[in-house]
Amino acid sequence: LSWGAGGMILGLLLGVAVALGLSVSAEEPDLRRDPRYLRLEDHLLSDDWEGAEADARALILLHPGDPQLHCYLGDALLGQDDQEPAAARAYEAALALDPAHPRAHEGKILALLGNRDFAQAKLACERAIALYPEWGPLYRRLGNARGELEGFAAELEELEHALELDPRDWLAYRQRSTARLIAELDLDDAERDAHAAIEIVGEDEASLYDNLVEIARRRKDYQRALHLSALAQGAAFRDAQVEELMVRRVGVLLDMPDTPQHQWLQQAASEVAFLLEAFPKNGSTHAQHAALLIRLGKFNEAIQANERALELYGEKHPRSAKVVRQNNEVLRAELERRRALGDGQER
């Protein structure tokens, strides 16, 4: 799961309160006049998570009974790496002050999902739905949790409910498209959902092209996959988006057979070299490096690249890590087979 950049996190959470007709301004006049309060919001909107955290903590010392400040602290922590448990505690502090606070419910759910605590995320979704049964995004989040706990059929069930409540929820369409791809369901259905999301939000949302690229790749329509990848990179506005899109493009290039006119493997090697230099801490970069090394017959080096990918994936990307581990098992088995045949050299 990717939660988006700063403006997106704060914007989504602020939008919760607006959609439910609730005030998002603090009630205490002294707090509203405090320059740190406005600065705090500016920090959140500009992705300055550490600055936001510092201001939120300072203001909480002065106004410990304001649930919104605890939510802002949660937002600031949620934007930082590996701070999901602390973010969840901040949102819980807000809920202790106001058990019906919608932003606190949404934030806690996001933090639990980010920490892969799916059982607690499911319970948190169910509690929030009991308070706000018509709030469609809650069913999307419940779909995330149930999908991990119970399988894709459960996730699709919740996404259907989300779309019944809001037929223009493009995030639900995107999530359903992704779920269909991961479950290896019908590609046409996954494609329809991806296009439905694009029709709603427009063609400038780079993340919407991810699934279309993958669909074209599975259909072996590599030229279309490359074209869609280029469109996605043109629409990308965050470094993280560009990074993931370039990694995906390398995957397409590695799938393409070389021809006299096009040396795709050489192009893939060039792009992998760039990714390793530009994004050395991206696990998928090293996984694609391993895929390149496999194409080149360098199995031992591929195993090492996969091991580096596993280090970087940690526990946050279990599906990707599972694939990498399986690949290494296959590579080690092949090397063992070659040694048994007296052919230990890599080709």
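The values are calculated or read from the model by the stated rules, or taken from the named source; none is laboratory data. Fair warning: this is a prediction, and the values are worked out from it, not measured in the lab. Don't worry about glycine lacking a Cβ; one is built from the backbone with ideal geometry, like all the others, and counts go over all protein chains shown.
Annotations
- Yes/no for residue 308 being of a type in the set (Lys, Arg) and more than 19 Å from residue 321 (Cβ to Cβ): no
- Top-ranked residue in the range 302-320 [being modelled with pLDDT of 90 or more and of a type in the set (Gly, Ala, Ser); ranked as farthest from the chain's Cα centre (by Cα)]: 302
- When the test is whether a residue is under 29 Å from residue 38 (Cβ atoms) and assigned to a helix (DSSP H, G or I), residue 112 does not pass it.
- Note on the range 205-228: residues that are within 18 Å of residue 244 (Cβ to Cβ) and hydroxyl-bearing (Ser, Thr, Tyr) total 2.
- Output for the range 171-204, where each listed residue is under 16 Å from residue 241 (Cβ atoms), more than 17 Å from the chain's Cα centre (by Cα) and assigned to a helix (DSSP H, G or I): 198, 201
- Here 56, 111 are screened, and the one residue that is crowded, with 24+ Cβ neighbours inside 10 Å and closer than 24 Å to residue 144 by Cα is 111.
- Filtering 126, 150 for residues that are in contact (Cβ under 8 Å) with a residue 12 or more places away in the chain and more than 16 Å from the chain's Cα centre (by Cα) leaves a single hit, 126.
- Given (1) crowded, with 23+ Cβ neighbours inside 10 Å; (2) over 30 Å from residue 189 (Cβ atoms), number of the condition residue 139 does not satisfy: (2)
- Residues of the range 131-144 include at least one that is more than 20 Å from residue 101 (Cβ to Cβ), modelled with pLDDT of 95 or more and either assigned to a helix (DSSP H, G or I) or touching a helix residue (DSSP H, G or I) at 6+ places or on another chain (Cβ under 7 Å) (or both).
- With respect to the conditions (1) out of contact with any helix residue (DSSP H, G or I) (no Cβ under 6 Å at 6 or more places or on another chain); (2) surrounded by fewer than 23 Cβ atoms within 10 Å (Cβ to Cβ); (3) under 30 Å from residue 30 (Cβ atoms), residue 97 falls short on a single one, namely (1).
- Count of residues meeting criterion [within 20 Å of residue 182 (Cα to Cα) and in contact (Cβ under 8 Å) with a residue 12 or more places away in the chain] in the range 324-346: 3
- Where helices (runs of 4 or more DSSP H) fall entirely within the range 220-337, none has at least 1 residues that are crowded, with 17+ Cβ neighbours inside 10 Å and at positive phi.
- Taking the listed residues 189, 210, the one that is modelled with pLDDT of 95 or more and of a type in the set (Asp, Glu) is 189, with no other qualifying.
- Among the residues of the range 58-73, those that are of a type outside the set (Val, Ile, Thr) and part of a helix (DSSP H, G or I) comprise 58, 59, 61, 62, 67, 68, 69, 70, 71, 72, 73.
- Residue, farthest from residue 214 (Cα to Cα), within the range 149-168, restricted to residues that are among the charged types (D, E, K, R) and surrounded by 21 or more Cβ atoms within 10 Å (Cβ to Cβ): 158
- Pairs where the first residue, in the range 179-194, is on the phi < 0 side of the Ramachandran plot and the second is outside any helix (DSSP H, G or I) and not hydroxyl-bearing (Ser, Thr, Tyr), C-beta under 7 Å, 6+ apart: 180/186; 187/219
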